[in-house]
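Colleague: Take a look at this one; I'll ask things after.
The values are calculated or read from the model by the stated rules, or taken from the named source; none is laboratory data. No experiment lies behind these values; they were computed from the predicted model shown. Because the Cβ atoms are built from the backbone with ideal geometry, glycine has one as well, and the counts that use them run over all protein chains shown.
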């Protein structure tokens, strides 16, 4: 019998929750008794794998064999060498997922093969990052029917369905990523009106500012220059910075003594001082808030009624204070560490109950589950095709023509974009699909990143300038499929393409083999 779980696969911490059809929930507790699992992996030279709190503690003892923040490298070519094998970000994430699934299976009295998991991803994740996350689940042999944007999961968790009059701004600041979304009701259906954010902005960046202050104090010590690149020193400062940040959540000032490599230094930091050295980070998040509010307004969204805080980093008092002052709206902070996992768990149980045709209780209301009981999301980044203006490489100025724009509601089914052959009887054509890389759409090639690259073949004989149609489908969870047709009869054209930064099935199998040869320690 299948059992549903929701997984918040975070940059710094992950969480798993099982939501039952009767409305009760079970947070999966870790080996150390906590409700959050550090997204940290230690791989020994002999191939023993440790995930979670124990791996985090090994950061001080064996930093060269510890991986942190792998989520920031998803969708990128970022090979890592451990235990005489090459592991990709998908492979490392699969090790984390395997540990989370094993803990959940033990707690629920089933096997990992019985689990059906909805895994959350940042709303501002690009398509490559989402595909990489799905690949990680396949490497871990974890059944994942859907990826769910984190703000959407948060909306489920906060009980958006219980008050259909509310339009909410979801401000999700995690350990490594930042999402902001406007979520509400459109013609009786729950939907995301707009999303924005930064895939490299999170609590780790606040930690780094504290680390900079700590390095300034450390540099006053004798022989500091010789120890600056010592792995033990780096790990100690990394750990202490997170500890100081947590203390400043409940205190106006902190004085921390750090002893490392036989030396001791002290850092004193006030909450006001912390705000001062991180003000630019806060302003970056507010710029994204302004953009998403404008996008939501352009889409016809109602005025925002409240702000929902999600992600452990929103515990920092500066977040609530600045948002409340700037927008004069209620700012709600309820269990931010588990809100995303809880929402994913609710949605996972909805999917499973719909498949099994049974009822589920959500927000105290029992009803038959339906596949349509979901919040419609949007495409976070514009997608376009590279256009060549000339056959002469010395005179052409290629540009990206976006044909599906950011904040287009999902799914997008077989969107047609027409291109033209450049010569008579052209049988082949190179195709390059790009995705918006910056905060706003731009036709400049440098402002976009390659997404799909390949070749069309079998184009029917025709004059130069003949139409070739590209058909792009983007699923509800933001995954893309490309087809092509040409000629008067719109006959199919062969598409041979690969997605940048994403493993193909052969590489997925190779990573599954590489990770299965490692020994997971409990």
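Colleague: How many residues are under 29 Å from residue 2 (Cβ atoms), assigned to a loop (DSSP other than H, G, I, E, B) and modelled with pLDDT under 85 when one looks only at region 137-192?
Modeller: 2
Colleague: Can you name the number of the only condition in (1) at pLDDT 90 or above; (2) under 22 Å from the mean Cα position of the chain (by Cα); (3) assigned to a loop (DSSP other than H, G, I, E, B) that residue 452 fails?
Modeller: Among (1) at pLDDT 90 or above; (2) under 22 Å from the mean Cα position of the chain (by Cα); (3) assigned to a loop (DSSP other than H, G, I, E, B), residue 452 violates only (3).
Colleague: Taking region 204-230, which residues are closer than 30 Å to residue 441 by Cα and either at pLDDT below 95 or outside the structural domain of residue 267 (by TED's automatic domain parsing) (or both)?
Modeller: Listed by number, the list holds a single entry, 204.
Colleague: Are there any pairs with C-beta distances below 6 angstrom linking a residue in region 484-499 that is at positive phi to a residue that is surrounded by 13 or more Cβ atoms within 10 Å (Cβ to Cβ), with the two at least 6 apart or on different chains, and if so which?
Modeller: Between residues of region 484-499 that are at positive phi and residues that are surrounded by 13 or more Cβ atoms within 10 Å (Cβ to Cβ), the close pairs are 487/460.
Colleague: Let me ask something additional. Looking only at residues in region 361-382 that are in a loop (DSSP other than H, G, I, E, B) and more than 17 Å from residue 474 (Cα to Cα), which one is modelled with the lowest pLDDT?
Modeller: Residues of region 361-382 in a loop (DSSP other than H, G, I, E, B): 363-364, 369-375, 377, 379-382.
Filter once more, keeping what is more than 17 Å from residue 474 (Cα to Cα): 363-364, 369-373.
Working: 363: 71, 364: 75, 369: 76, 370: 72, 371: 56, 372: 53, 373: 60.
Among them, the one singled out is 372.
Colleague: For residues that are in contact (Cβ under 8 Å) with a residue 24 or more places away in the chain and under 24 Å from the mean Cα position of the chain (by Cα), tally how many sit in region 60-94.
Modeller: Here the count works out to 20.
Colleague: Go through region 27-38 and give me each residue that's touching a residue at least 60 places away in the same chain (Cβ under 8 Å), within 17 Å of residue 337 (Cα to Cα) and not in a strand (DSSP E or B).
Modeller: 28, 29, 30, 35, 36
Colleague: Could you say whether any residue in region 247-263 is out of contact with any helix residue (DSSP H, G or I) (no Cβ under 8 Å at 6 or more places or on another chain) and surrounded by 13 or more Cβ atoms within 10 Å (Cβ to Cβ)?
Modeller: Yes, the conditions are met somewhere in region 247-263.
Colleague: Exactly one of (1) surrounded by 22 or more Cβ atoms within 10 Å (Cβ to Cβ); (2) modelled with pLDDT of 95 or more; (3) touching a strand residue (DSSP E or B) at 6+ places or on another chain (Cβ under 7 Å) is unmet by residue 131. Its number?
Modeller: Unmet condition: (2).
Colleague: Could you give every pair whose Cβ atoms fall below 7 Å, whose first residue belongs to region 289-309 and is without any contact (Cβ under 8 Å) to a residue 24 or more places away in the chain, and whose second residue is outside any helix (DSSP H, G or I) and buried (at least 21 other Cβ atoms within 10 Å of the Cβ), counting only separations of at least 6 or pairs across chains?
Modeller: Once the first residue is without any contact (Cβ under 8 Å) to a residue 24 or more places away in the chain and sits in region 289-309, no partner that is outside any helix (DSSP H, G or I) and buried (at least 21 other Cβ atoms within 10 Å of the Cβ) comes close enough.
Colleague: Let me ask something else. In region 303-317, how many residues are touching a strand residue (DSSP E or B) at 6+ places or on another chain (Cβ under 6 Å) and more than 15 Å from residue 150 (Cβ to Cβ)?
Modeller: Counting residues in region 303-317 that are touching a strand residue (DSSP E or B) at 6+ places or on another chain (Cβ under 6 Å) and more than 15 Å from residue 150 (Cβ to Cβ) gives 3.
Colleague: If you go through region 428-459 one residue at a time, how many are farther than 23 Å from residue 200 by Cα and surrounded by fewer than 17 Cβ atoms within 10 Å (Cβ to Cβ)?
Modeller: Summing the residues that are farther than 23 Å from residue 200 by Cα and surrounded by fewer than 17 Cβ atoms within 10 Å (Cβ to Cβ) in region 428-459 gives 6.
Colleague: Look through region 460-476, keep the residues that are in a loop (DSSP other than H, G, I, E, B) and on the phi < 0 side of the Ramachandran plot, and return whichever of them is surrounded by the most Cβ atoms within 10 Å (Cβ to Cβ).
Modeller: Among residues in region 460-476 that are in a loop (DSSP other than H, G, I, E, B) and on the phi < 0 side of the Ramachandran plot, the one surrounded by the most Cβ atoms within 10 Å (Cβ to Cβ) is 466.
Colleague: Going by the structure shown, is residue 105 at pLDDT 95 or above, touching a helix residue (DSSP H, G or I) at 6+ places or on another chain (Cβ under 8 Å), surrounded by fewer than 24 Cβ atoms within 10 Å (Cβ to Cβ) and assigned to a helix (DSSP H, G or I)?
Modeller: yes
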